[in-house]
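Scroll down for the structure; my scribbles are underneath it.
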Amino acid sequence: MTLLSGVALPWSLPLTVVVYGVVVAAAAWIYRDARARGNRYAAVWGVSTLVFTILPVLAYLYLHRDAGPAR
């Protein structure tokens, strides 16, 4: 258990697992979407999402906003 100001936080481990799970799911989604669009850098998008979390997600959504859904 992690202590924060003397208070035990038993939910910190499950919360950490959920946050990392969301990051991994976002990286997988971005990789698969970029690959479906024929992007040469699909792996770079996926790995950068794992490393830098939210910034690549926002950049990817911004850059592909007009393309519509991948087929």
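The values are calculated or read from the model by the stated rules, or taken from the named source; none is laboratory data. Source: prediction; values computed, not measured. Because the Cβ atoms are built from the backbone with ideal geometry, glycine has one as well, and the counts that use them run over all protein chains shown.
Tallying residues that are over 14 Å from the mean Cα position of the chain (by Cα) and small (Gly, Ala, Ser) within the range 29-70 yields 5.
I'd like the residue in the range 2-35 that is more than 26 Å from residue 57 (Cα to Cα) and surrounded by 10 or more Cβ atoms within 10 Å (Cβ to Cβ) and, out of all such residues, is modelled with the highest pLDDT. Out of the qualifying residues, it is 11. Of the residues 38, 46, 68, the single one that is in a helix (DSSP H, G or I) and at pLDDT below 95 is 46. Just so you know, in the range 49-65 the residues that are assigned to a helix (DSSP H, G or I) and touching a residue at least 12 places away in the same chain (Cβ under 8 Å) include one that is surrounded by the fewest Cβ atoms within 10 Å (Cβ to Cβ), and it is 50.
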